[in-house]
Amino acid sequence: MTDWDVLRTTAQQMTARSYAPYSGYRVGAAALVDDGRLVRGCNVENASLGLTLCAECGLVSDLAAGGGGRLVAFCCVDGQGAVIMPCGRCRQLLWEHGGPPLQLLTPAGVQTMAEVLPQAFDATTMGHR
Ligand code: THU
């Protein structure tokens, strides 16, 4: 059973660590892993704007650094604590590590990856797995 309050609070706490001097738009993310771990991230911008790391990039790195596993529930928020949708690129990142059943807290309620990234391109498209 996912404790969405814990994920949302953790994501909100992560916005305080965001490095967003260029956009001024802080993002925090948190997710539950299938072994019960919590992973998190915040956006880290760069003077070369295209190199900016979304909060989800940090979260996926935290997942790998902590031993890997599958993401089962995810949430990201802005600096005001409002739930936001992951950008298109980050939906692809989340798909890789959670797949179709990964649950996301969205402004429209809980939805699955399959709902927010329909007809996804993934390893199976290339004949892997
Ligand atoms: N951002 C994220 O961290 N995640 C998203 O899914 C959307 C965008 C960040 C990147 C940039 O630092 C700022 O929000 C504005 O785009």
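Taking the Cβ of VAL27 as the center, what net charge do the other residues with Cβ under 15 Å away carry, scoring Lys and Arg +1 and Asp and Glu -1? The partial results should precede the final answer.
Values: positive: ARG8, ARG17, ARG26, ARG40, ARG89, ARG91; negative: GLU45, GLU56, ASP62, ASP78.
With Lys, Arg at +1 and Asp, Glu at -1, the neighbours total +2.
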Per the Debye formula with a single identical scatterer at each Cα and no solvent contribution, what log10 I(q)/I(0) holds for the range 21-129 at q = 0.17, 0.22, 0.24 Å⁻¹? -0.80, -1.24, -1.39
DSSP loop (so not H, G, I, E, B), at most 14 other Cβ within 10 Å: list which chymotrypsin sites (Phe, Trp or Tyr not before Pro) in the range 1-54 pass both filters. TYR22, TYR25
Would you please give the residues with an amide H less than 5 Å from that of GLY79, counting only those at least 5 places away or on a separate chain, with H modeled from the backbone geometry? ARG26
Under 5 Å between amide H atoms, partner at least 5 residues away or on a different chain: which partners does THR112 have, H built in plane at 1.01 Å? LEU104
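Please compute the net charge surrounding LEU38, taking Lys and Arg as +1 and Asp and Glu as -1 over other residues with Cβ under 13 Å from its Cβ.
On the way: positive: ARG8, ARG37, ARG40; negative: ASP3, ASP5, ASP34, ASP35, ASP62.
Computed value for this residue: -2.
Using Cα pairs closer than 8 Å and at least 6 residues apart in sequence, work out the relative contact order for the chain, in percent. Can you show the working numbers first?
On the way: 256 pairs, mean separation 26.4, N = 129.
RCO, the chain: 20 percent.
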Going residue by residue through the range 116-122, the Karplus relation 6.51 cos²θ - 1.76 cosθ + 1.60 with θ = phi - 60° gives ³J(HN,Hα) values, rounded to whole Hz and with x marking Gly or Pro, of 8, 9, x, 6, 5, 8, 8
Which residue fluctuates the most in the chain, going by a Gaussian network model with Cα springs under 10 Å, if the choices are THR112, THR15, THR52? THR52
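Can you tell me the dipole magnitude for the chain around its Cα centre, using point charges on the Cβ only (Lys, Arg +1; Asp, Glu -1), in Debye to the nearest 20?
Numbers: 9 positive and 11 negative charges, 30 e Å.
Charge dipole of the chain: 140 debye, to the nearest 20.
Laboratory data are not the source of any read-out in this text; all were calculated from the coordinates shown. Small disclaimer: the values here were computed from a predicted structure and weren't measured. Here the Cβ is made from the backbone with ideal geometry for all residues, glycine too, and neighbour counts use every protein chain on show.
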